[in-house]
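Quick notes on the structure that follows.
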Amino acid sequence: MMRLIEEIAGTQAEIRAIRRDIHAHPELKFEEFRTSELVAGKLQEWGIEVHRGLGVTGVVGVIRGTPAPGARNLSPRAIGLRADMDALPMTEFNRFAHASTIKGKMHACGHDGHTAMLLAAARHLAAHRDFDGTVVLIFQPGEEGGGGALAMMNDGLFTRFPVDAVFGMHNWPGYPAGNLGVREGPVMASSNVFRIRIRGKGAHAALPHHGVDPVPIACQMVQGFQTIVTRSLSPTDPAVISVTMIHAGEATNVIPDAAEIQGTVRTFTVEVLDHIEQRMHAIARHTAEAFGAEVEFEFLRGYPPTINHVREAEFVRRVMCSIVGEAQVGRFEPTMGSEDFSYFLQAKPGAYFYIGNGGGDHRSEGHGLGPCVLHNPCYDFNDDVIPLGATLWVSLVSKWFAETD
């Protein structure tokens, strides 16, 4: 049986209204001015110390516990809780009352719900403060490709607000509402992009021997890249090389001068990523040379792998079981998606975990015809899981300070 904190459950309607207001007014990475103003205003309203401007639009709330009546918290221990705030550059297809009011911008990943769940928890923690330590609430901008976690760290997040551990939560569509998931080790992959420019020699398409055609060279490279995963990596090392763009030519009767290949590489370890980059560079260079062309190879590293610390992941699992029962806590399978919470986990112990968003039945009349999955124009966060998410945050705090020293 689910053990929700009744006081939090009683605030669901108010927090739902906040979530839907954020959903209706989405803001892209590092443009979350309205959202951060709303978050800061609520935190101040609830008596929480607020700091602004980390990572441009980031907000940090600080709650110091008072473990005994009238006692002053002198414990140096601190825990960080993170929610992301930014939306995606896409047009929403839903037509319900809280659908996006801004064309081309949408909360299609549930960051509005993440913010709402942490706000609900913050309100409860500030009202009670029955823990021996300090809670650092991290409302982060720019997760969707902006590296907002790193931006906040570069602005002194963990220097100004030191924590012993940091935790993050993400909703997961298709995972039943009321279920929670966590695992130790890699949970999300690194995200990297490559651009390869092949310079050949243009010619009339009827006289191909007068030129150096970059198109078959590009095709050879793409085929060669696939052998990196299938033939030079261990089958137990997951990796993805996806060529997603090939651009060349402007006319059917002209062999172009150049072609460009772009795509993404995903891995769970830096060692595998290093190997893939080296092999891709070698294949591109030698293939171009074999055909008499020139090549420019660019490999841009993005978010590193998100790797949970064993102790903290096991701690989260125990807390989850105490709330929903062991049967509703899964060992969530890793995904090749990426997440900039990885930067936090490189700096501090912690864990990144999941809360089920359900199958989409929660969407009210007026939703789009597409599935309720992440980064889909018909997505919507499930407000019914807000009390569970907030209860989990509060329970993590109380048990963390009770169990650690």
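Annotations for the structure displayed:
- Being of a type in the set (Ser, Thr, Tyr) and closer than 26 Å to Thr264 by Cβ holds for only one residue in Ser342, Ser322, and it is Ser342.
- A Cβ distance below 7 Å, combined with a sequence gap of six or more or placement on separate chains, defines the contacts here; from the range 97-114, residues that are modelled with pLDDT of 95 or more reach residues that are in a helix (DSSP H, G or I) and basic (Lys, Arg) in the pairs His98/Arg20; Asp112/Arg19; Gly113/Arg19.
- Top-ranked residue of the range 218-246 - restricted to ones that are touching a residue at least 60 places away in the same chain (Cβ under 8 Å) and closer than 14 Å to Met280 by Cα, ranked as nearest to the chain's Cα centre (by Cα): Val240
- Note on the range 100-131: residues that are part of a loop (DSSP other than H, G, I, E, B) and buried (at least 19 other Cβ atoms within 10 Å of the Cβ) total 7.
- Near pairs, Cβ below 6 angstrom, 6+ apart or cross-chain, from the range 35-56 (within 23 Å of Met106 (Cα to Cα) and assigned by TED's automatic domain parsing to the domain that holds Ala24) to any residue that is part of a strand (DSSP E or B) and hydrophobic (A, V, I, L, M, F, W, C): Ser36/Val59; Val39/Val59; Val39/Phe139; Ala40/Val50; Ala40/Val59
Residue by residue, here is whether (1) modelled with pLDDT of 95 or more; (2) of a type in the set (S, T, N, Q) holds:
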residue	(1), (2)
Pro349	yes, no
Asn357	yes, yes
Gly368	no, no
Leu374	yes, no
Cys378	yes, no
Asn382	yes, yes
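Let's see how each residue does on (1) under 20 Å from the mean Cα position of the chain (by Cα); (2) of a type outside the set (Lys, Arg):
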{"position": "Ala127", "(1), (2)": "no, yes"}
{"position": "Phe139", "(1), (2)": "yes, yes"}
{"position": "Glu144", "(1), (2)": "yes, yes"}
{"position": "Gly181", "(1), (2)": "yes, yes"}
{"position": "Asn192", "(1), (2)": "yes, yes"}
{"position": "Arg197", "(1), (2)": "no, no"}
{"position": "Asp213", "(1), (2)": "no, yes"}
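- Residue in the range 65-85 that is crowded, with 23+ Cβ neighbours inside 10 Å, farther than 24 Å from Glu312 by Cβ and either among the hydrophobic types (A, V, I, L, M, F, W, C) or in contact (Cβ under 8 Å) with a residue 12 or more places away in the chain (or both) present: no
- Residue count for the range 147-174, restricted to those that are under 22 Å from Val240 (Cβ atoms) and assigned to a loop (DSSP other than H, G, I, E, B): 2
- Hits in the range 1-23 (condition: crowded, with 17+ Cβ neighbours inside 10 Å and under 28 Å from Pro89 (Cα atoms)): Ile15, Arg16, Ile18, Arg19, Arg20, Ile22, His23
- Within the range 146-179, restricting attention to residues that are of a type outside the set (A, V, I, L, M, F, W, C) and under 11 Å from the mean Cα position of the chain (by Cα), the residue that is nearest to Thr269 (Cα to Cα) is Gly147.
- Members of the range 150-207 found to be closer than 18 Å to Leu374 by Cβ and among the aromatic types (Phe, Trp, Tyr), listed by number: Trp172, Tyr175
- Residue match in the range 221-236 (condition: part of a strand (DSSP E or B) and of a type outside the set (Gly, Ala, Ser)): no
- Checking Glu314 against (1) in the same structural domain as Ile386 (by TED's automatic domain parsing); (2) touching a Lys or Arg at 6+ places or on another chain (Cβ under 8 Å), the condition it does not meet: (2)
- Residue in the range 358-373 that is assigned by TED's automatic domain parsing to the domain that holds Leu118 and under 15 Å from the mean Cα position of the chain (by Cα) present: yes
- Scan of the range 139-191 for residues that are closer than 24 Å to Lys29 by Cβ, surrounded by fewer than 22 Cβ atoms within 10 Å (Cβ to Cβ) and among the charged types (D, E, K, R), ordered by number: Glu144, Asp155, Arg160
- Annotation note: Cβ proximity below 6 Å between a residue of the range 247-274 that is charged (D, E, K, R) and a residue that is modelled with pLDDT of 95 or more (sequence gap 6+ or interchain) occurs for Asp257/Gly202; Glu260/Arg197; Glu260/His247; Arg266/Ala189; Arg266/Val240; Arg266/Met336.
- Meets criteria (assigned to a loop (DSSP other than H, G, I, E, B) and at pLDDT 95 or above) for Thr91: yes
- Condition check for Asp340: over 16 Å from Gly113 (Cβ atoms) and either at pLDDT below 95 or not aromatic (Phe, Trp, Tyr) (or both): yes
The values are calculated or read from the model by the stated rules, or taken from the named source; none is laboratory data. What you see is a predicted model, and the numbers here were worked out from it, not measured in a lab. Note: ideal-geometry Cβ built from the backbone for every residue, glycine included; neighbour counts use all protein chains shown.
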